[in-house]
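Any read-out appearing in this document is the output of simple, stated calculations on the displayed coordinates, not a laboratory observation. Because the structure is predicted, anything quoted here is derived from the model rather than measured. Here Cβ is always computed from backbone atoms with ideal geometry, including for glycine, and neighbour counts include all displayed protein chains.
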Amino acid sequence: MSAIDLNNINRVLVVRLDDIGDMVLTTPFIRELRRNLPNAWITLIVSETVFNMVELCPYVDEILKVNCKARCLTDCVRNFINAIRFRKHFCNSESYDLAIAPRWDVDLHGASILAYSSKATHRIGYSRKVKRSKKFLNWGLDYCFTDLLYDNKLKHEVERNLSIINFLGGEVKTKKLELWLGSEDISFAKQQLSGFRNKFCIGIGIGAGHRRRIWPVTNFIELALKCKDTYGAKFVLVGGPEDEEKGKQFSAQLGEGVIDFTGKTTLRQTVALLKYCDLLVGNDTGSKHIAAAMEVPVVEITPHPFSGDPSRNMSPKRFGAWGVKHIVVQPNKALSPCSETCRAQESHCIRSVKVESVYKAIGKLLSDHEKAIAL
């Protein structure tokens, strides 16, 4: 526990610059931070990609956005340059009492620099010593913080984020995910899905942030055809602009009973669409966490092998669907030359996940769900 007195904290900065799923898993932390600091001014800084999803968050007073990606080394260098440039914002604002960068893993987005630039009296983050790769890639960044956490035990990222509340001497009352929609988002989803009313609707997370996480679209098509025959299922495809070709291919093969939203919605609209699905089947990507936040059961397809290192950044132990019924379908072991996790630049280890395995997982999840309803 830190020596920080929450009674003396009036202005707080939270820096969360990474991806959609990471932000969803941070929502319990944001809520519990507000619960422990009911009168503080809280500023949240996020990436431009995530901004729309958190725009209506009721627990913060201000949301700022930064242009940052982390797909390659050039992106990472640009992120740190952008973070340094963002310092100008803090010159024109009141000083912060507390700045928090919740990310436990390697900082590739410049969150540490932003926390330091805020000149907050207390700056909290996870030490680079918590992970071997972070120790190497984030050399020197521990100096950005006044208070460091050194916890390197295996935890789900929700638990990891909430550990900061405990470190501050605060109390965590609930660990539930949540996201926030406007009436226009709800209306959009209801209108778009009006033809699927009272039908069994499966959301399909067909894409992912990295190609190694993408199960072949031909497998999704084969799976969907089986679900269509067995359950009379309808399908809602979600994804970004980079998934549009896969969406077209899927729709062409399935015919009726598919609505393809890849590249066509805002993040909040995607949240609203998944809210009205009965199940989400998809890759290890943001849609999995969005579905969980909407209390929708999840079947996750991941390249991370069952025999792999549970501390890696595709591990279901760290990033599995939180707070809902879910099943993870994964390879028993990595394909050569991968070992502890999939390191390929293309779809590789995930290709060993069979359609039949995912189909059986869907059946089991639905069977368990029906039993729960009966009880």
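To the nearest ten degrees, helix 355-374 and the longest principal axis of the Cα atoms of the chain are 80 degrees apart. Pairs from the list Lys129/Lys155; Lys199/Lys360; Lys153/Lys173; Lys135/Lys175; Lys234/Lys325 with a Cα-Cα gap above 27 Å: Lys135/Lys175. Report, to the nearest 10°, how far helix 217-231 tilts away from the longest principal axis of the Cα atoms in the chain, using its own Cα long axis and a range of 0 to 90°. It works out to around 60 degrees.
For Lys131, the aspartates and glutamates whose Cα comes closer than 18 Å to its Cα, not counting residues fewer than 8 places off in the same chain, are Asp18, Asp22, Asp105, Asp107, Asp142, Asp147, Asp151, Glu157, Glu159, Asp309, Glu340. Here is the list for the range 133-199: chymotrypsin sites (Phe, Trp or Tyr not before Pro) lying in DSSP coil, each with at most 13 other C-beta atoms within 10 angstrom of its C-beta, are Trp139, Tyr150. Per-residue extension of 0.36 nm, minus the Cα-Cα distance of Tyr150 and Thr218, leaves a gain of 20.1 nm for this segment. Determine, from the Cβ-Cβ distance of Asn67 and Glu242 and an R0 of 25 Å, the FRET efficiency 1/(1 + (r/R0)^6), rounded to the nearest 0.05. With a Förster radius of 25 Å, E is 0.90. Evaluating 6.51 cos²θ - 1.76 cosθ + 1.60 at θ = phi - 60° for every residue in the range 317-334, the Karplus couplings come out as 5, 9, 10, x, 4, 9, x, 9, 5, 7, 10, 9, 10, 8, x, 5, 8, 6 Hz, glycine and proline recorded as x. Sorting Arg128, Arg312 from the fewest to the most surrounding beta carbons within 10 angstrom yields Arg312, Arg128. Mean residue ellipticity, 222 nm, helices only, the chain: the sum of -39500 (n - 2.57) across DSSP H runs of n ≥ 4, divided by residue count and rounded to 500, is -11000 deg cm²/dmol. Normalised by the number of residues in the chain, the mean separation of alpha-carbon contacts (under 8 Å, six or more apart) gives a relative contact order of 15 percent.
Here the label points at Leu56 and Asn7, each 7 Å from Cα along the C-beta direction, are separated by 3.8 nm in the simple model.
Shown is the FRET efficiency for Gln345 and Phe306, computed with R0 = 35 Å from the Cβ-Cβ distance and rounded to the nearest 0.05: 0.95. Neighbour counts of C-beta atoms inside 10 Å place Thr43, Thr266, Thr26 in the sequence Thr266, Thr43, Thr26, starting with the fewest. Rounded to the nearest 10 degrees, the angle from helix 27-36 to the longest Cα principal axis of the chain is 40 degrees.
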